[in-house]
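The values are calculated or read from the model by the stated rules, or taken from the named source; none is laboratory data. Remember, predicted model here, so these are calculated numbers, not experimental data. Cβ: placed from backbone, ideal geometry, glycine included. Neighbour counts: every protein chain shown. Note: areas computed on protein heavy atoms with side chains; ligands, DNA, RNA excluded. Shrake-Rupley method; radii C 1.70, N 1.55, O 1.52, S 1.80 Å.
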Amino acid sequence: MEQPDVRLERVTKQFGDVKAVDDLSLSFDRGGFVALLGPSGCGKTTTLRMIGGFEEPTAGTVYLGEQDVTGLPPYKREVNTVFQNYALFPHMTIFDNVAFGIRQRGGGSKHQIAQQVGEMLELVQLAGFERRKPTQLSGGQAQRVALARALINKPRVLLLDEPLGALDLKLRKQMQIELKRIQTEVNITFIHVTHDQEEAMTMADRIAVMNQGQVEQIGPPGELYEQPRTAFVAGFLGVSNMVWATVTGPGTVQLHEGTVARVPQESLEGGHKELRIGVRPEKMRIVANGSGDGAGDANRLDGTVKDVSYIGVSTQYIIETAAGDELTVFAQNVGRSAERAAPGQKVGVLWDPEHTFVITDTREVPTLEEQL
Amino acid sequence: MSRVTRLFRSAPAYPLLLPGMVWLAIFFFVPMYYLLDMSLRTGNLLDGFNQVYRFANYGDAIRENKEQFIRSIIYAASATALAFCISYPLAYVIAFRGGRYKNFLLMLVIAPFFTNYLIRTLAWETILADHGIVTSTFRSLGILTATDKLGFTSGQRLLATPLAVVTGITYNYLPFMTLPLYVSLEKIDKRLLEAALDLYANRPRAFMRVTLPLSLPGIFAGTLLTFIPAIGDYINAYLLGSTQTTMIGNVIQSKFLTFNDYPSAAALSFTLMAGIMVFVIIYARILGTEDLA
């Protein structure tokens, strides 16, 4: 197996009394696109800055490939950064901005530099912008220049610190796809810090969800979404329905108001007795009360419709169960609108056992404020 | 609607310029005209000065005071250079490392201004006095022997030497250098330096390629704000210097107030002003500050 490109070994960073990063070990594979995702203050930016060399860890080691780079200044690390708000040099032209890195390393003749800068600007679709100044660029263009300025150095790893934060929604979506394309083209390891779960899911092939200086869970976006291991991950990535349950046998649990539900057997292997089971809202479906008992081996929970909101492609229902838990259900609007359940109506909620995930930690789900 | 009101409506900035324009007209252009007019007259205070358009006044004034002109340029340039060398690190530290003490440190920079200009300069007379602690220390360390040799001082003294005058000017105009430098350094986004370090520039190179060029507007403003008043200064040369350190300001002052030779004083003033103007234009071209602002 190949050596990882970047490896953090038991890294801690303390600012005064605050542990921004707490005994973190993490490795990044060559050529991957990893997102560090978490709320502000979770330590994701500090982690990035320690890889870049802008912060020194209080304890622990940072490796680039085989090399221990802890304590090396940024200019001695084969890492480049795309800064939040880009940090383009305002007194230089786009050409000089992009050429900065290779010039500092004393790379090549005038002609070679010009050629490389040209290639890079072409990669980010800004050919012909050489003579402009950064103030003459739009946000999206500045973003591309920042990318070109970093990538021209062919770094081992590219660090992106909230790179799309300053762009409007439409441009952000466009740049997400663009970034992914560029990453595939240059085949460099990208480490991307963001608090936007959708951005992370769109671009990254692995996401590390961080909270309070530690990694909660790391894996491909699908895995994190389908099988979150902690309440934090379940709550931070999308909407989750979670209810407390007691394990009653292999692959079965009893919800607190009495309903028995089946869950994937292997998910109960931890030996916990009290736990939470969760289901994503779009994996649930609503049936009229008293019907649908014959829906195969689906789990069923009864409740009352509290709220219905029509949001175009789907309808969002809030269902209150007998135990007082609120479930969110997204139903695709494939049928006619007359078929929608109305508030106050008694309904059944069905879902497949294999769509159930199990949360064994006891922490609360992050509130909206924590997510921001 | 008249043309004028329409202009004012469409460009609301113009009326705001009015007080400044009136000020400039009354206290600059009108006196300038009288100065120019006076510089071409001949005569004396008792019989009056007659307008004869004697342009030779300029030639005479410059010829007679060439030495003082050159000395003024050298002193002002030295003081500006010294002030720059002191101010840049000072402004840099306050801007980049000042943290929450920034404002306090800035206040310390301008604190000497709370004292009267004359008093401050007189204080330097005491500091540099022949039997003072500074002079005796310098003397016993042999520093004065070295500066005597270089012509900065003479006769094992500090007072009444070029060094004393330049020191006084440097001290008195230091805040004019520090403040613009601070403003331009403070404005620099610290992430630009991180970006430079990230792009393989070590700290000295990051300074040369990013910090220094971005502080050029401050360097430009600071050097001009120091150099221009310094070149016309006469208090420092008067209090801390000797007849060997007379600057052009002293000549103008004595011609106006002691000898009542208004035409030649006016010609000197005008020459000095024109010289400074030409210098500023060339300087602006070299630094290319239009680009930066």
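Restricted to segment A:68-83, and to residues there that are at the interface with chain B (Cβ under 7 Å from one of its Cβ atoms) and within 24 Å of A:Pro4 (Cβ to Cβ), the residue that is surrounded by the most Cβ atoms within 10 Å (Cβ to Cβ) is A:Thr81.
For (1) small (Gly, Ala, Ser); (2) surrounded by 15 or more Cβ atoms within 10 Å (Cβ to Cβ), each residue gets a yes or a no:
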| site | (1), (2) |
| --- | --- |
| B:Tyr53 | no, no |
| B:Ala79 | yes, yes |
| B:Phe104 | no, no |
| B:Thr121 | no, yes |
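Among the residues of segment B:174-197, those that are more than 10 Å from chain A (Cβ to nearest Cβ), open to solvent by 40 Å² or more (accessible area, probe 1.4 Å) and touching a residue at least 40 places away in the same chain (Cβ under 8 Å) comprise B:Phe176, B:Leu179, B:Glu186. The helices (runs of 4 or more DSSP H) found entirely in segment A:58-154 that carry 1 or more residues being of a type in the set (Gly, Ala, Ser) and within 30 Å of A:Gly213 (Cβ to Cβ) are A:139-151.
I want to confirm something. Restricting to segment A:93-106 and keeping residues that are more than 7 Å from chain B (Cβ to nearest Cβ) and either of a type in the set (Gly, Ala, Ser) or free of Cβ contacts under 8 Å to residues at least 12 places away in the same chain (or both), which single residue is surrounded by the most Cβ atoms within 10 Å (Cβ to Cβ)? Among residues in segment A:93-106 that are more than 7 Å from chain B (Cβ to nearest Cβ) and either of a type in the set (Gly, Ala, Ser) or free of Cβ contacts under 8 Å to residues at least 12 places away in the same chain (or both), the one surrounded by the most Cβ atoms within 10 Å (Cβ to Cβ) is A:Ala99.
Screening A:Ala323, A:Ala231 for residues that are crowded, with 20+ Cβ neighbours inside 10 Å, of a type in the set (A, V, I, L, M, F, W, C) and not assigned by TED's automatic domain parsing to the domain that holds A:Gly38 leaves exactly one candidate, A:Ala231. Would you check if B:Leu240 is more than 14 Å from chain A (Cβ to nearest Cβ) and either open to solvent by 10 Å² or more (accessible area, probe 1.4 Å) or in contact with a helix residue (DSSP H, G or I) (Cβ under 8 Å, 6 or more places away or on another chain) (or both)? So B:Leu240 passes the test. Of all residues assigned to segment A:257-271, none qualifies as being of a type in the set (Gly, Ala, Ser), open to solvent by less than 20 Å² (accessible area, probe 1.4 Å) and free of Cβ contacts under 8 Å to residues at least 40 places away in the same chain. For A:Thr45, the criteria (1) within 18 Å of the chain's Cα centre (by Cα); (2) open to solvent by less than 10 Å² (accessible area, probe 1.4 Å); (3) within 14 Å of chain B (Cβ to nearest Cβ) hold in every case but one, which is (2). The set of residues from segment B:215-237 being within 29 Å of A:Arg103 (Cβ to Cβ) and open to solvent by 30 Å² or more (accessible area, probe 1.4 Å) comprises B:Leu216, B:Pro217, B:Phe220. Restricting segment A:28-40 to residues that are small (Gly, Ala, Ser) and surrounded by 15 or more Cβ atoms within 10 Å (Cβ to Cβ) leaves a set whose member that is farthest from A:Val6 (Cα to Cα) is A:Gly38. Here are the criteria: (1) within 14 Å of chain B (Cβ to nearest Cβ); (2) surrounded by fewer than 16 Cβ atoms within 10 Å (Cβ to Cβ). Tell me which single one A:Tyr86 does not satisfy. Unmet condition: (2).
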